[in-house]
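Please read through the structure below; I'll follow up with questions.
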Amino acid sequence: MISTLHPLGPSAVNPTSLLAVAHPGALIQSIDWVAIAPPLIAAVAALLVLLADLLLPESGKRLLGPLSIGGLALALLALLPLTGGAPRATFCLPGGVGSCSYVADHFALVFQLLALGGALIAALLSLHAVDEDRLPAGEYWFLLLSSAAGAALLPAARDLATLVIALEVVSLPSFALVAFKRDGRGGEAALKFFLSSVTATAVMLLGVSFVYAATGSLHLAAINEGLGHVPGRLGPLAEVGAALTLVGFAFKVAAVPFHFWVPDTYAGAPLPVAGYLSVVGKAAGFAGLALVTNLAFRPYGHTWGLLLAVVAAVTMTTGNVAALRQRSDSAQGAVRLLAWSSVAQAGYLLVPLAAAGYAGTAHPLGATAAYALIYGLVNLGAFGVAAVVARTSPANRLDDYRGLFARNRWAALALAFFLLCLAGLPPGVVGLFGKVVVFQAAVNAGLGWLAVLMAVNVVIALYYYLFWLAKLFVPGAEAATSRVPRPLAATLGLTAAAAVVLSAAPQLVLQVVSGSLF
């Protein structure tokens, strides 16, 4: 009882004083609405779509797609006020920027541009798919916007709790989006995706709990400082926690051995969703991986640097070898080839992350950001051409692309350019420069062996990219042609034009490499 502990009795104690702090005003956090506008606008758009789906008549639900695209466009425009100035932070505890949960710095803006831009292109690709495949429009657009909001939140997160929540906001709607394909494969693909993702998340949460137990904080900057002063008995716990935390992000980027879900998931999902996962889902994973390694686990830099270097080598080799084995007459062969190519590209993207561990600085991450922007644009364009071919050839075999130039020359030329960019061959100059900056990051960090292995893998990849490209211009059997819907044609034109502009002026993307992202 209080009367037995206080010499003046119960009347002398104010019960609320037991909860008092020295500076109660410090617990009140102000919110920088401009800083959080990009993910917030995407989230509000998702809620508006859900509400509109309930209120609009069936004939008015065609407006949900344009409404979703408008929301993503506004979220992209909200990035403009954040450029050119000092980083903006919000949701902060006393102690400076290092104690903030949300920071809109250069790194966050680059990956938010990739996430929201990729989601916008995927939404444009989805306009015809939702109508023609009779997908439930309200649910589809709500899930896509929700996932995009999580992808925009994740790069700005600066504590492990926010990172994990954002990663799950990206993932959970994706499971349902994969299952929208109603040919029997969608449910199976979604189940594989769900089970493997849940397992990876459980492992990651276990690692986060270990890191918190060892350092006493969830903020990345505080973890970085705490790992340098971990008591000897807690050292192994912190190391195991760091390793387990990286597992969840390795799954999201489809790094070997956490890549097994990719081919079946991409082949079983609607093509716009597969394109979305290959770019936006991967961007979220790489953003999280870069944040935890460089801002939280920097004291273990040489350890995770070597680990990521080995994983990068195995990932790019596995992806390219598997892509070589795709048969021309197998169903969904084109999508599976893009899936395995995506795995190989993840290996290339991991190289600068490994270099950052060896270099002791986050500067090499600029190469990952630049390459991710290039890859995201051309890969979504390739999925757009696959959607065009799937209209007349639902099996989407590689053989279905034989003679595409004779049937649809603009789609064939666009796919040819996208494949050249992915291969790093002229005139796809932007793809070539992207690979060069990744090579440079590896060499500058002393990872010459990894640069050599990457060069070998680039040569291997040339075979299947050029093999597919050659089919476009080889005379083939006559096939039915159909008019390409305007939204799909506009999307192909937009991505192809952007790829051509970036090939003519690659400095528009490569300037990301020149400065520090943090």
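The values are calculated or read from the model by the stated rules, or taken from the named source; none is laboratory data. Note that the structure is a prediction, hence the values are computed from the model and not measured. Glycine gets a Cβ as well: all are built from the backbone with ideal geometry, and neighbour counts include every protein chain shown. The area values use the complete protein model at the heavy-atom level, side chains included, leaving out ligands, DNA and RNA. Shrake-Rupley method; radii C 1.70, N 1.55, O 1.52, S 1.80 Å.
Using the Kirkwood radius over Cα pairs, work out the Stokes-Einstein diffusion coefficient for region 100-207 at 20 °C and 1.002 mPa s, in µm²/s as a whole number.
Diffusion coefficient, whole number: 143 µm²/s.
To continue, here is another question. Just report the Cα centroid separation between region 399-426 and region 207-263, whole Å.
Region 399-426 and region 207-263 have Cα centres separated by 42 Å.
In degrees, nearest 10, range 0 to 90: what is the angle between the Cα axis of helix 409-423 and the longest Cα principal axis of the chain?
Roughly 50 degrees, rounded to the nearest 10.
A further question on this structure: Could you tell me how far the Cα centroid of region 131-171 sits from the Cα centroid of region 288-359, in Å?
About 23 Å separates the Cα centre of region 288-359 from the one of region 131-171.
List the aspartates and glutamates whose Cα sits under 20 Å from the Cα of K61, skipping any in the same chain fewer than 8 residues away.
Partners within reach: D53, D131, E132, D133, E139.
A further question follows. Go ahead and run the numbers for FRET between T83 and R327, Cβ-Cβ distance against an R0 of 35 Å, rounding to 0.05.
Numbers: r = 47 Å, r/R0 = 1.34.
E(calc), rounded to 0.05, equals 0.15.
Using a simple spin-label model with points 7 Å from Cα along the Cα→Cβ vector, what separation in nm is obtained for A505 and V443?
2.8
Per DSSP H run of n ≥ 4, the term is -39500 (n - 2.57); total these for the chain, divide by its residue number, and report the mean residue ellipticity at 222 nm rounded to 500 deg cm²/dmol. Kindly include the intermediate steps, with their values, before the conclusion.
Details: 21 runs with 344 residues, N = 518.
When only DSSP H runs of four or more count, the value is -22000 deg cm²/dmol.
To continue, here is another question. In whole Å, largest first, what are the principal axis extents of the Cα atoms in the chain?
Largest to smallest, the principal-axis extents are 98, 61, 43 Å.
Helix 448-472: angle to the longest alpha-carbon principal axis of the chain, degrees 0 to 90, nearest 10?
Roughly 40 degrees, rounded to the nearest 10.
Quick check: residue separation of D183 and V240 times 0.36 nm, minus the Cα distance between them. What number comes out in nm?
Details: separation 57, 0.36 × 57 = 20.52 nm, distance 4.23 nm.
The span from D183 to V240 would gain 16.3 nm if fully extended.
Using a 1.4 Å probe on the protein chains only, how many percent of the accessible area of the chain belongs to carbon and sulfur?
Carbon-and-sulfur percentage of accessible area, whole number: 69.
Can you report the principal axis dimensions of region 164-223 using only the alpha carbons, biggest first, rounded to whole angstrom?
Here the Cα extents, ordered largest to smallest, are 49, 16, 9 Å.
Right, here's the next one. Compute the distance from the alpha-carbon center of region 39-114 to that of region 432-453, in whole Å.
Answer, in whole Å: 34.
With a Förster radius of 60 Å, plug the Cβ-Cβ distance of L191 and V452 into 1/(1 + (r/R0)^6) and report the FRET value to the nearest 0.05. Walk me through the intermediate numbers first.
Numbers: r = 40 Å, r/R0 = 0.67.
Once rounded, the FRET efficiency stands at 0.90.
Let me ask you something else. Which whole-number percent of Cα pairs in region 66-106 have a distance greater than 16 Å?
Working: 419 of 820 pairs.
Of all Cα-Cα distances in region 66-106, 51 percent exceed 16 Å.
Using the heavy atoms of the protein chains and a 1.4 angstrom probe, tell me the accessible area per residue for region 200-338 in square angstrom. The partial results should precede the final answer.
Numbers: 4530 Å² over 139 residues.
Accessible area per residue: 33 Å².
Once amide H atoms are placed 1.01 Å from N in the peptide plane, what residues at a sequence separation of 5 or more from Y102, or on another chain, have their amide H within under 5 Å of its amide H?
Residues meeting the amide H criterion: T90, R158.
Whole number in Å², please: accessible area per residue of region 364-518, 1.4 Å probe, ligands, DNA and RNA not counted.
Working: 6190 Å² over 155 residues.
Spelled out: the 1.4 Å probe surface of region 364-518, per residue, equals 40 Å².
Which FRET efficiency value, to the nearest 0.05, is calculated for R486 and L47 with the Förster distance at 41 angstrom and r the Cβ-Cβ distance?
Values: r = 28 Å, r/R0 = 0.69.
Computed FRET efficiency for R486 and L47 comes out at 0.90.
Can you return the aspartates and glutamates within cross-link range of K471? Criterion is Cα-Cα under 18 Å, with same-chain partners fewer than 8 residues away left out.
Answer for K471, where 18 Å is the Cα cut-off: D329, D399, D400, listed by chain and number.
Another question about this same structure. Quick one: angle between helix 333-359 and the longest Cα principal axis of the chain, in degrees between 0 and 90, rounded to 10, please.
Its long axis makes an angle of about 40 degrees.
Residue separation times 0.36 nm, minus the C-alpha to C-alpha distance between L74 and S209: what's the value?
Stretched out fully, the L74 to S209 stretch lengthens by 44.9 nm.
Still on this structure: Would you work out the charge dipole size for region 142-297 about its Cα centre, treating the Cβ of every Lys and Arg as +1 and the Cβ of every Asp and Glu as -1, and quote it to the nearest 20 debye?
On the way: 8 positive and 7 negative charges, 45 e Å.
The dipole magnitude comes to about 220 debye.
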